[in-house]
Each structure stands twice: as C-alpha cells, then as structure tokens.
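Working notes, beginning with the structure itself.
The values are calculated or read from the model by the stated rules, or taken from the named source; none is laboratory data. This structure is a prediction, so every number in the text was calculated from the model and none was measured. Using ideal geometry, Cβ is built from the backbone for each residue, glycine included, and neighbour counts are taken over all protein chains shown.
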Amino acid sequence: MEPTPEPNVVAERQARAAARPQDTRPQDGAESYGSGTTIFDANGISIYYGSFRAVTDVKLSIYENEITAFIGPSGCGKTTVLRSLNRMNDLVVGARVEGDVRYRGTPLYGKDVSPIAVRRKIGMVFQKPNPFPKSIYDNIAYGPRINGIRNKKRLDEIVEKSLIQAALWDEVKHRLKASALGLSGGQAQRLCIARTLAVEPDVVLMDEPCSALDPIATSAIEDLMKEIKSQYTIVIVTHNMQQATRVSDRTAFFSVLRNEESDTRTGVLVEYGQTQQIFEDPHDPRTQAYVTGRMG
Amino acid sequence: MAEFRQEFQQELDAIEARVIEMFGMLAEDLTRATDALLTGNNEVVKLLAEREKTIEELYPELESLVSRAILMQAPVASDLRFLLTVLRIVPELERSHSLVEHIARRADHFLAADLSPRTRGLVERMGELASDMWRQAIDAWYRRDASGADVLAERDEEMDELHSSLIGELASGGMSIPVTMEMTLVARFYERLGDHAVNIASRVVYLAGSQQPEEN
C-alpha cells in the first residue's frame, strides 16, 4: 500500500504556526517539561561594565526543574547574563545591572538582598575545574562547614550524597583524603559540581562546564545534568550547540548588535524557545544563520 | 557578514539540483505519457523506459549524498529540514515516475481509437490535471511555499471526482473488456499521481518552516 496524503499534518502545522505568539518567551502548557514554575524572570535587564553596555534589554524566564541553555557567539553577553543571575557580577568593579530580575518573585537586586545568601541558593560551576588545594572530602565539606555544620557524621553523609549525585562516588570513595588536585579534568569538574550540590542550592549555573573536557567526561557531566534536573534548575552557557541540543529543554540565543555610528556593540537576546524548535525551526533569520553555522 | 560552511552549502546545492532534475523529468514525461496514450504514439515508451533507469540511478545517489551530509555536517534548522524532506520525497518521485511510465506503456496495448469519446475526454482531463498538480507541487518546492499544500489538496478532490466519473464510465460496459481493464489501471495511476503531488506539497510545509522574513 502506498501512503495516503496527510492533510491533517498540514492543517495541524498551519494551526500551530497561526497560534504562534509574537513574544519570544516560550509558552507554558503541554510542551513545558518541568513544573512550569518560573525561577527567574528577567524583565528587560541591561548590564553595564562602567559606561559599556554589555547586554541590552533581556527578557526571559527560567523554568523550574528544566535545563536552559544560553548559546551565541563570543561577546554576545550570554556569560554576563548568567553571572547576573547569582550576582556574580557584583564582584566586578563598575559592573551594574539595570532593570528588573526576579528570583522566585523577589527582586534579586533588591536593597535588602544579600549577595552571599543569593549565591548560597544559586550555585555556579565554572569553565575550568577549580578544586581547592585540599582533600576531596574537604572540598565537598567546605561549604556545609561554612554554613555551620560541624557534626562529622552529618558531614560524611553530605559528602557521600553529593559525590553520588555528581557520579563521582565510585571513583573516589577509597581516597577521600587524597588531594583533589590529583583528579583528572573530568573528575575535577564533577568534584566542583558535587561541591556546588553539597550546599543544597536551588539553582545550578554552569558556565561552559565541559569545554575543557574530553568527550567521555563530557558525556558523564551531561548524564549528570539530566540526572539531577528533577531536583535542581540548571542554566548552562555552552559554545557546543550539539551539547545544547542534547541536554537542554529550552535554548536562548544571544547575538551581538553593532552600532556602526557609535562603533559600539552590545549583546541582545534574539530568540528563546523550546530547544527542538530553536534547532529545527528557528523563527529569526539570525538564529537560523548561527545554528546552521553560516555566520559567527 | 561572513558566509561560512561554503563547502556544505555546495553539497546542499548539488542535492537540490538533482531533486529539481527529477522533478523536471517527471513533469515532462507525464505530459508525454498522456499524449502517447491518447494519440497511440508509442515512440515515447522506449524513451520513458530510459528515463526510468536514470531515475533509478539518481534515487540511491541522492540517498547517499543526503546520508553523507547528515553524518558529516550535523545539520540543523533549515539544513536538517531540507535533508530530511529530500529523503522523504525522493521515493515519491521515483514511484511517480514509474506510474508515468506505466501510463505510457498502455499506448502499446490498444489503439487510441478503441476509447469511447467520454473515456477519452475524461482521461484527457485527468492527464491535464495531473500535469497541473505536479507543476504546482514543483513550484511550491522551488519557492519553499507552504501554501501549495492547501491548493493541491483542493485540486486532488477534482482528481478524485474525475476518477469516479471514469470508473463509472468504464463500468457502463461500452468498451471491450481488455481495454476496460487497462483503462481501470490508467485511472488508478492518474489518481495516485495526484496523491503523490499532494504528499510533496505537504512535505514542503515542513521544509518551509516558520522563519520570519529578514527585515531590511
């Protein structure tokens, strides 16, 4: 039998296209992966370094228990936006955020909000694994100790649980007292993830966590992200678009806007949507050009 | 703006060129087959058999070019949609050309004069409509125009009506049994050709995507 025509497919697709909103923010509903609760709501934020406006007017919401990927060319401001989500930019002299960004409904840059408390809830994993020059055990126990946990048994539990979550326990359980500096790159990065998880954050921000790792270690981290997303909300900046397609539920594409007259450049959020839509059927020609590799 | 991946773009262009070539052969041969059937001129039968061979060679070649591009280039967005759509429409093109060849072959089996005037008229209309539908499908493909799907679906209803009329005419028993049997098959071939054109236009909806036109 030869296939019969499929008018329904056409009709459905056209109905979907007609119903597509102009707003770049993804819609809640049937296609939402997590609980549908928003963790962050950035409502038109601009981020400056001194007089230089690195990012302009970013509007997006990050959803609970999802992995959100930020992609875009160098200088598009994706890392700057990521760092604004746990006030990491406060540590940069001259950096400031304008506009409203809310974390679980509370203004993140409110006067009475402590950046330290923010970072305790919103952890960060960096591009280069940065284990402390201490034992594996002490790396993990570092945060909980600062938070006042002194009980040895309780600390042991946290160390074990965090290392299991970070898929590192089996590899290091017999050498917890050994220096963390002796770990391989992939192990060191998983240690840093375990260290982030040890303080039981709400959100984990990852800034190119796999760019210094080999494919096997990268797979281990990607599996780990999917494993833990039921308990955490993850935002990842990545240059690896295939990684974004493999791990993320939603993808935000940032690009650079050049102003020829003033010879300045600033990062903008071009398109934000379900990852499959961004990579299969992007709406904006700039997204299309970037994901297909036709422009840098 | 710098254009990257030019080699990949050339591969995609080469695939598109072959698809267009197949489309072209199909549209041309469909008109020829109808002519042959109605005039009894069976000279094209051999020509179409040759073309059938060419298409049978193009089909695996295209498949292998597409597989290679998917494997080596990790395509996404419009590139991915294009390659997947090619994989899906090439079998339709190949089957459609076989149908065209089957129609032409009937020119060998009976004399055009054996057809009743009404049968002749209906076949002529089915042939014209099938050619029209294919031209529209090709145009939709070439322009990546999703609206072709609706147009083709509508025209396919006309085709189905002509098919029913022809079957009714054949059932009335006005022609010899062998000619009636052959014409029943021909009716079916045109009807299937219409369906394939509709399928292709439906695939163009996916191919076209929903990208907004670039602002100038």
Practice problem: Kindly indicate which of A:D138, A:D100 is more than 26 Å from A:N240 (Cβ to Cβ), in contact with a helix residue (DSSP H, G or I) (Cβ under 9 Å, 6 or more places away or on another chain) and not in a loop (DSSP other than H, G, I, E, B). | Solution: A:D138
Quiz item: Regarding A:D57, is this residue in a strand (DSSP E or B) and of a type in the set (D, E)?
Solution: yes
Practice problem: Exactly one condition in (1) within 11 Å of another protein chain (Cβ to nearest Cβ); (2) crowded, with 22+ Cβ neighbours inside 10 Å is not met by B:A153; state its number. | Solution: (2)
Practice problem: Consider A:G75 carefully, then state whether it is assigned to a loop (DSSP other than H, G, I, E, B) and in contact with a strand residue (DSSP E or B) (Cβ under 6 Å, 6 or more places away or on another chain). | Solution: yes
Self-check item: Selected residue [part of a helix (DSSP H, G or I) and more than 30 Å from A:T275 (Cβ to Cβ)] from B:L71, B:L99
Solution: B:L99
Quiz item: In region B:1-41, which residues are within 15 Å of B:D79 (Cα to Cα), touching a residue at least 40 places away in the same chain (Cβ under 8 Å) and surrounded by fewer than 14 Cβ atoms within 10 Å (Cβ to Cβ)?
Solution: B:A14
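Let me confirm something: among B:V204, B:V123, B:V179, B:V186, which residue is within 14 Å of chain A (Cβ to nearest Cβ), in a helix (DSSP H, G or I) and β-branched (V, I, T)?
Of the residues listed, the single one that is within 14 Å of chain A (Cβ to nearest Cβ), in a helix (DSSP H, G or I) and β-branched (V, I, T) is B:V204.
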Quiz item: In region B:48-55, is there at least one residue being crowded, with 20+ Cβ neighbours inside 10 Å, within 14 Å of chain A (Cβ to nearest Cβ) and part of a helix (DSSP H, G or I)?
Solution: no
Quiz item: Residues in region A:208-215: is at least one modelled with pLDDT under 95 and assigned to a helix (DSSP H, G or I)?
Solution: yes
Quiz item: When only residues in region B:59-75 that are surrounded by 20 or more Cβ atoms within 10 Å (Cβ to Cβ) and of a type in the set (A, V, I, L, M) count, which is farthest from B:E11 (Cα to Cα)?
Solution: B:L62
Quiz item: Pick from region A:280-292 the residues that are in a helix (DSSP H, G or I) and at the interface with chain B (Cβ under 7 Å from one of its Cβ atoms): which of them is farthest from A:T251 (Cα to Cα)?
Solution: A:P285
Exercise. Scan region B:139-184 residue by residue and report those that are more than 19 Å from B:L122 (Cβ to Cβ) and touching a Leu at 6+ places or on another chain (Cβ under 7 Å).
Key: B:R144
Practice problem: Specify which of the listed residues (B:F82, B:F110) is in contact (Cβ under 8 Å) with a residue 12 or more places away in the chain and part of a loop (DSSP other than H, G, I, E, B). | Solution: B:F110
Quiz item: Of all residues in region A:256-279, which are among the hydroxyl-bearing types (S, T, Y), within 25 Å of A:E222 (Cα to Cα) and outside any helix (DSSP H, G or I)?
Solution: A:Y272
Exercise. Determine whether region A:244-254 contains at least one residue that is under 14 Å from A:G72 (Cα atoms), in contact with a helix residue (DSSP H, G or I) (Cβ under 9 Å, 6 or more places away or on another chain) and part of a helix (DSSP H, G or I).
Key: yes
Self-check item: Residue ID - surrounded by the most Cβ atoms within 10 Å (Cβ to Cβ), chosen from residues in region A:216-231 that are in a loop (DSSP other than H, G, I, E, B) and not charged (D, E, K, R)
Solution: A:Q231
Quiz prompt | Conditions (1) touching a residue at least 12 places away in the same chain (Cβ under 8 Å); (2) at the interface with another protein chain (Cβ under 9 Å from one of its Cβ atoms): number failed by B:S210 | solution = (1)
Exercise. Look through region B:1-36, keep the residues that are closer than 23 Å to B:R105 by Cβ and hydrophobic (A, V, I, L, M, F, W, C), and return whichever of them is farthest from the other protein chains (Cβ to nearest Cβ).
Key: B:A36
Exercise. Those residues that are without any contact (Cβ under 8 Å) to a residue 60 or more places away in the chain and farther than 20 Å from B:D195 by Cβ, I need them from region B:143-155; list them, please.
Key: B:R143
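Residue-wise test of (1) farther than 29 Å from A:Y49 by Cα; (2) modelled with pLDDT of 95 or more; (3) within 14 Å of chain B (Cβ to nearest Cβ).
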residue: A:Q242; (1), (2), (3): yes, no, yes
residue: A:A252; (1), (2), (3): no, yes, no
residue: A:V270; (1), (2), (3): no, yes, yes
residue: A:G273; (1), (2), (3): no, yes, yes
residue: A:I278; (1), (2), (3): yes, yes, yes
residue: A:R294; (1), (2), (3): yes, no, yes
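Going by the structure shown, is B:L65 in a helix (DSSP H, G or I), at negative phi, more than 20 Å from the chain's Cα centre (by Cα) and modelled with pLDDT under 95?
Taking the combined requirement at face value, the residue does not satisfy it.
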Self-check item: Leading residue by the ranking (nearest to B:L193 (Cα to Cα)) among those in region B:156-179 that are buried (at least 17 other Cβ atoms within 10 Å of the Cβ) and either free of Cβ contacts under 8 Å to residues at least 40 places away in the same chain or in contact with a strand residue (DSSP E or B) (Cβ under 8 Å, 6 or more places away or on another chain) (or both)
Solution: B:M159
Quiz item: Are there any pairs with C-beta distances below 6 angstrom linking a residue in region B:117-129 that is within 14 Å of B:T31 (Cβ to Cβ) to a residue that is aromatic (F, W, Y) and assigned to a helix (DSSP H, G or I), with the two at least 6 apart or on different chains, and if so which?
Solution: B:M126/B:Y190
Quiz item: Just checking, how many residues over region A:211-247 are of a type in the set (A, V, I, L, M, F, W, C) and out of contact with any strand residue (DSSP E or B) (no Cβ under 9 Å at 6 or more places or on another chain)?
Solution: 6
Exercise. Restricting attention to region A:110-130, report how many residues are more than 20 Å from A:Y232 (Cα to Cα) and surrounded by 20 or more Cβ atoms within 10 Å (Cβ to Cβ).
Key: 1
